[in-house]
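Below is one structure, written out as structure tokens, with a few remarks after it.
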Amino acid sequence: MEVLVSSTPEQTAARAAGAVLAALRRVAGRDPVLGLATGSSPLGLYRELGRAVERGDVDFSATYGVALDEYVGLPPGHPEGYRQVLLREVCEVVGLSPDRLAVPDGSSTDEASLEDSAAAYEARIADLGGVDVQVLGIGANGHLGFNEPGSALTSRTRIKRLSDRTRRDNARFFSGLDDVPTHCLTQGLGTILDARRLVLVATGDTKADAVAAALEGPLTASVPASVLQWHPDTVVCLDEAAAAGLRNRQYYDDSAAGLPER
Ligand code: GLP
């Protein structure tokens, strides 16, 4: 696990973009697959990717985008549905084709149809050859995607109940708490672990406890983001505020400095 702490959210976003682009450059012989998180944490990273496109350093026209999760029960085209959010915040910013964006279909409220959507989503990811690099944020309660505390560490895409904490946190995107869906479809922790690289971005002091528990606490379903410890290629990009609870900070900084020059 690589833990990169930067002094500002902007530098955090730039380092996260570097980690994403390096992983995409490793892909050969097929179209790259970029896993996409919603939420405010990765917005700076997506803007950095947009700047890299403008500079001519990268082109996303042949890249597939794969969402982490989607609300259940929002009508298609709802502005806060994650398909619409990713169209606005990623496709328009980096030039990824909407036809190449895969999002779980949560528009039904019928359990059997939602289970079919979840299975179809797993099959879609497999058809694409798996996710090359998965962008992640972290919930203040340690959730990853919408895998709330208590999620099985090997879980696959499925219906999940949102916790009260998550619904309150996300109420800012809706007219009020009552409008926030109660359920979602989310990639499971096992699905996320299958991505070849994970890049987590967290900024601000509201994430400090969750980050410390995820990176330095026990591997436990009570802190779903602790599965990052299980993955062989995780890059964690933090600002100072989000890193404030880490005990091994000196070691992370020493490691990030690389080998001494001779
Ligand atoms: C949302 C998303 C997560 C995201 C998290 C944190 O509910 N489902 O994928 O990482 O909450 O969001 P933010 O980055 O806005 O704090």
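Reported count of residues in the range 213-262, each being among the charged types (D, E, K, R) and crowded, with 19+ Cβ neighbours inside 10 Å, is 1.
Of the residues Asn170, Asn147, Asn141, the single one that is free of Cβ contacts under 8 Å to residues at least 12 places away in the same chain, buried (at least 18 other Cβ atoms within 10 Å of the Cβ) and not aromatic (Phe, Trp, Tyr) is Asn170.
Could you tell me whether Asp69 is away from the ligand (no atom under 16 Å from the Cβ) and on the phi < 0 side of the Ramachandran plot? In short, no. Figure legend. Inter-residue proximity from the range 23-50: first residues under 23 Å from Glu10 (Cβ atoms) and open to solvent by 10 Å² or more (accessible area, probe 1.4 Å), second residues in a helix (DSSP H, G or I) and acidic (Asp, Glu), beta-carbon distance below 7 Å, spacing 6+ or different chains. Indicated pairs: Leu43/Glu89; Gly44/Glu10.
Residue count for the range 75-106 under the criterion of being outside any helix (DSSP H, G or I) and either out of contact with any Gly (no Cβ under 9 Å at 6 or more places or on another chain) or among the β-branched types (Val, Ile, Thr) (or both): the result is 8. Could you give every pair whose Cβ atoms fall below 8 Å, whose first residue belongs to the range 91-119 and is farther than 27 Å from Asp59 by Cα and open to solvent by less than 60 Å² (accessible area, probe 1.4 Å), and whose second residue is assigned to a helix (DSSP H, G or I) and of a type in the set (S, T, N, Q), counting only separations of at least 6 or pairs across chains? Hits for this filter: Gly106/Ser117; Ser108/Ser117.
The number of residues in the range 182-197 that are open to solvent by less than 10 Å² (accessible area, probe 1.4 Å) and either touching a Gly at 6+ places or on another chain (Cβ under 7 Å) or more than 30 Å from Ser108 (Cα to Cα) (or both) comes to 6.
The values are calculated or read from the model by the stated rules, or taken from the named source; none is laboratory data. None of these values were measured; they are calculated from a predicted model. Please note: Cβ atoms are built from the backbone with ideal geometry, for glycine as well, and neighbour counts cover all protein chains shown. Remember, those area values only see protein heavy atoms, side chains included, never the ligands or the DNA or RNA. Shrake-Rupley method; radii C 1.70, N 1.55, O 1.52, S 1.80 Å.
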